[in-house]
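Derivation of every value follows stated rules applied to the coordinates shown; laboratory data play no part. As the structure is a computational prediction, the values presented were derived from the model and not from experiment. Counting neighbours? That spans all protein chains shown, and the Cβs are built from the backbone with ideal geometry, glycine included.
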Amino acid sequence: MAEQSSASQGQPGRWVEVVTLGEVLGAFVASDYGPLAEATRFERHVAGAEANTAVTLARLDHAVAFVGRVGSDGIGLSVRRRLRAEGIDVGHLAVDPGAPTGILIRDRRGLGPSEVTYHRTDSAGSRLSPDDVEEARRTIAAARWLHVTGITPALSESGRAAVERAIELASDAGVTVSLDLNVRRKLWDEDRATAVLRGLAARVDVVLAGDDEARLVAGVQTTEPAAVAASLLELGSQLVVLKLGAAGAMVVERGGQAIRRPALPVRAVVDPVGAGDAFCGGFIAARLDGAPLERCLDVANACGAATVAALGDMTGSPTTDELERLLATSGPDVMR
Ligand code: KDG
């Protein structure tokens, strides 16, 4: 793995350690609890799994570049401003005047899964293509880490090809690559998702997944996390990280023992969406900092917990200071 090399220079004057790519969206999130059919007031947020992870990394003081497309509309401008305000390099976030910026609308539930409607068919973000990746090739090849998710290949054939090209470019350059499975059943069917994601999982260094999607892609029935992780590892990566929500997280390294860490207690779950993406950002940040795997899981769990405790996908993602305070006051060692 190449993740221990020094931070590298991407665009002139910018230090880019991590590159991520995908669709960043405008998100309209219900202000009040209840089903979407009853929601009348909405707050505007920024969403998109890879953008959420980029924000977590940036708040943890890692230099991140985001590769994608937005439309030449107000939503595109606002998401671009937001990412830039977070310190993310948006030099490869292209403006595509031929398509609108994608949006999603979702409710806010105290109970049961959230309902989300996507308005992203033929959006600018879904038109991401291998050409966009070529345009960012120097930044990707000079980085330490590339992070992709299973959402981008579900958006379009060009999105799938862009992810494959980015993985190829990064791997050829010795850049560590992580894949968050992020299976979205509203975007593609399980058979197609499984086929594509098994192929991608075979070509990356680190696979991150929730337990349900991990079982789907690994093709196993067992609910025992270590067995699920072992099956996912067989696809070819060096590390598998399982996000187990309130049950914590597990990591298994090729040839190693499973390591499990408890979740941080969350007093009030305000909005669980985005927690998995923050988890990925925390794990990558700690790994880049050279932390042992136990600490990587603790940081990842803390980032997920902080996100769950605030409204919006990225609102609660902690800064480095907030993370340290969280780990010191409510970390797993304090819980025991
Ligand atoms: O993980 C949060 C994401 O689901 C959300 O930000 C939107 O990227 C998104 C998607 O496709 O669901």
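The relative contact order of region 184-336 comes to 17 percent, based on Cα pairs under 8 Å that sit 6 or more residues apart. Diffusion coefficient (Stokes-Einstein, Kirkwood radius over C-alpha pairs, 20 °C, 1.002 mPa s) for the chain: 109 µm²/s, rounded to a whole number.
When +1 charges are put on Lys and Arg Cβ atoms and -1 charges on Asp and Glu Cβ atoms, the dipole computed for region 130-190 relative to its Cα centre reaches about 240 debye.
Between the residues 232, 258, 280, the greatest Cα displacement towards the positive end of the dipole of region 217-336, with unit charges on the Cβ of Lys, Arg, Asp and Glu, is found for 258.
Over region 164-205, the ratio between the Cα radius of gyration and 2.2 N^0.38 Å evaluates to 1.26. Around the Cα centre of the chain, unit charges on the Cβ atoms of Lys, Arg, Asp and Glu (plus for the first two, minus for the last two) sum to a dipole of about 300 debye.
Evaluate the relative contact order of the chain (contact order divided by residue number), counting alpha-carbon pairs under 8 angstrom at least 6 apart; express in whole percent. This gives 16 percent for the chain. What residue among 78, 317, 178 shows peak mean-square fluctuation when the chain is described by a Gaussian network model with Cα springs under 10 Å? Highest fluctuation among the options: 78.
With no solvent and one equal point scatterer placed on each C-alpha of region 27-182, evaluate the Debye formula and give log10 I(q)/I(0) for q = 0.08, 0.09 Å⁻¹, two decimals. Taking Cα atoms of region 27-182 as identical point scatterers yields -0.24, -0.30. Comparing mean-square fluctuations of 102, 276, 255 from a GNM of the chain with C-alpha springs under 10 Å, the top value falls on 255. Between the C-alpha center of region 72-107 and that of region 176-251 there is a gap of 29 Å.
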